[in-house]
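These notes are about the structure you will find just below.
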Amino acid sequence: MDRIDEQIMQLLKENSRITSSEISKQVHLSVPAVSERIRKLEDCGIIDQFTIKINREQLGLHLIAFIMVELEKTEHIAGFRETILQTDSVLECHHLAGSYDYLLKVAVKGTAELEWLISDKLKRIEGVSKTNTMIALSTMKEEL
């Protein structure tokens, strides 16, 4: 991967619908050369997928929260992970080293939905022994 590949990836990050023709103008390569570079970035797994960024505010998801979760025993990991993967409000789930086992990033409509998620969903998953929730007041930077 070289500087031109990095430029191509930055352009695609900014707008995944940008055409190879527009990229070629900006990186000063032919359209076939740009298309080939993108194909190679996909083939080697550097580009995993092309996606969109959804405006959560427009969907009514006004509250972003981070929930740290502690599990009692390792035998509860599979059930926890399965439930989290099926929970639409969970945007991200990270396995941690430290006091807590997982960090969840969630998007919900408001505090009532957050309370339901914590009390009626997360804490009812077998093995969840403790949670700690932080609410984001604003977001200055968020990348895919």
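With a ≥ b ≥ c taken as the square roots of the eigenvalues of the C-alpha gyration tensor of the chain, please select rounded if a/c is under 1.5 and otherwise prolate if a/b is larger than b/c or oblate if it is not?
Prolate, because a/c is 1.5 or more and a/b exceeds b/c.
Compare the Cα positions of GLY127, GLY98, ILE23 along the charge dipole of the chain (+1 at Cβ of Lys, Arg; -1 at Cβ of Asp, Glu; about the Cα centre) and return the one farthest towards the positive end.
Positive-end residue among those listed: ILE23.
In debye to the nearest 20, how big a dipole does the chain give about its Cα centre with +1 on each Lys and Arg Cβ and -1 on each Asp and Glu Cβ?
260 debye
Using a simple spin-label model with points 7 Å from Cα along the Cα→Cβ vector, what separation in nm is obtained for LYS40 and GLN26?
2.0 nm
I need the calculated FRET efficiency for the pair GLN49 and THR111, taking r as the beta carbon distance and R₀ as 35 Å, to the nearest 0.05.
0.60
On a full-extension model of 0.36 nm per residue, what is the gain between LYS141 and GLU75, subtracting their alpha-carbon distance, rounded to one decimal in nm?
Between LYS141 and GLU75, full extension yields 20.2 nm more.
Per DSSP H run of at least 4 residues, take -39500 (n - 2.57); add these up for the chain, divide by its residues and hand me the 222 nm value, nearest 500 deg cm²/dmol.
It lands at -9500 deg cm²/dmol.
Rounded, prolate or oblate: which fits region 57-135 when a ≥ b ≥ c are the square roots of the eigenvalues of the alpha-carbon gyration tensor, with rounded for a/c under 1.5 and prolate only if a/b beats b/c?
Here region 57-135 falls in the prolate category.
Separation between the HIS95 and THR19 pseudo-spin-labels, each 7 Å from Cα along Cα→Cβ, expressed in nm?
Reported label-point gap for HIS95 and THR19 is 4.5 nm.
Spin-label point model (7 Å from Cα, Cβ direction): what's the THR83 to ASP2 distance in nm?
5.2 nm
Any chance you could give the angle, 0 to 90 degrees and rounded to 10, that helix 3-14 forms with the longest Cα principal axis of the chain?
50 degrees
The numbers here are math on the coordinates, done by the rules we state, and not lab data. All of these numbers come straight from a predicted model, not from anything done at the bench. With ideal geometry, Cβ positions are generated from the backbone for all residues, glycine too; neighbour counts draw on all protein chains shown.
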